[in-house]
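Written out below as structure tokens is the structure these notes cover.
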Amino acid sequence: MVDTHALLADLRAEQEELAALLEGLDAADWARATPSPGWNIADQVAHLAFFDRSALTALTDADGFAKMIEAALADPEGYVDTAAAPLTGLPPADLLAEWRRVSAALREALAEAPPGTRVPWFGPPMSVPSKATARLMETWAHGQDVVDALGLTRTPTARLRHIVHIALRARPYSYFARGLTMPEAQVRVELTAPDGGLWLMGADGAEDVVRGDAEEFCLVLTRRRHVADTSLTAEGAAAREWLEVGQTYAGGPGEGRQPGQFPGRAQNGRG
């Protein structure tokens, strides 16, 4: 059984870590381009604020969320950018304050949701733990864009385990998003955790295996690094293909990152 209290504590830690970094930036920093084409740091934070606010609305205002769904269906390609534009236009201090406000309110709403609650969403409804995990993953992934824009690094934490978990669950969607047929072969992972331990996750006994560093795995599956720029190895065709097409988030795959864009510890890590 998922410990929702511990999961929400991890979500809070992930959000507060990024907020602390953002608090020290000046206006020029907020305007820095990130590796996501056309997005600066302010765009990244506005995106997080918009979806945290959307999740809060889904939990607390059924009519309000129904209107959001109606607007999204009317403009599926442009809805998010249009709806998030007022946030992007805020002064940096106000944008940060708004993200902090809605993220805190969302955590409170998730904590108070009755057992068995299904959170409405733009796709299928989600359980409270799944929604919290998705928000943690998004915060970490967009936080990586901010860190990359600033030329910084960050210390990996055990919170990466949540992202590994969602990556495994999202494997079928990765193929669906590209109109591909997923191989029948199951896949498991053997990853070195930030504390030096070993995370064994996925299908027990699967012959297809991804091995390597947990942070690099999360970077690849959130499409923040190309697998060629990591030391990850893959045993089996299904495992190798997953590292090429995998994603942890809903929607299209986007451009991702190109080989050599962020040279890492190895250039031949696909096995």
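The values are calculated or read from the model by the stated rules, or taken from the named source; none is laboratory data. Predicted, not measured: the structure shown is a model, and the values here were computed from it. Positions of Cβ are backbone-derived with ideal geometry, glycine not excepted, and every protein chain shown enters the neighbour counts. With ligands, DNA and RNA removed, areas are computed over all heavy atoms of the protein, side chains included. Shrake-Rupley method; radii C 1.70, N 1.55, O 1.52, S 1.80 Å.
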remark   = Across the range 129-160, the tally of residues that are outside any helix (DSSP H, G or I) and surrounded by fewer than 20 Cβ atoms within 10 Å (Cβ to Cβ) stands at 8
ask   = Does any residue of the range 109-128 turn out to be surrounded by fewer than 21 Cβ atoms within 10 Å (Cβ to Cβ) and among the hydroxyl-bearing types (Ser, Thr, Tyr)?
value = yes
request  = Scan the range 135-148 and give yes if some residue there is over 27 Å from PHE65 (Cβ atoms), out of contact with any Pro (no Cβ under 9 Å at 6 or more places or on another chain) and either of a type in the set (Gly, Ala, Ser) or at pLDDT 95 or above (or both), otherwise no.
outcome  = yes
key: Residue, least open to solvent (accessible area, probe 1.4 Å), within the range 1-54, restricted to residues that are among the basic types (Lys, Arg) and closer than 21 Å to VAL102 by Cα   = ARG53
note = Wholly inside the range 16-105, helices (runs of 4 or more DSSP H) that include 2 or more residues that are closer than 13 Å to VAL146 by Cα, out of contact with any Lys or Arg (no Cβ under 8 Å at 6 or more places or on another chain) and assigned by the TED database to the domain that holds VAL146 are 27-30, 41-60
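How many residues, within the range 87-103, are open to solvent by less than 40 Å² (accessible area, probe 1.4 Å) and not hydroxyl-bearing (Ser, Thr, Tyr)? Even if it seems obvious, please write down each step before you answer.
Just the residues of the range 87-103 that are open to solvent by less than 40 Å² (accessible area, probe 1.4 Å), to begin with: 87, 95-96, 98-99, 102-103.
This time we only want the ones that are not hydroxyl-bearing (Ser, Thr, Tyr), so: 87, 95-96, 98-99, 102.
Counting residues in the range 87-103 that are open to solvent by less than 40 Å² (accessible area, probe 1.4 Å) and not hydroxyl-bearing (Ser, Thr, Tyr) gives 6.
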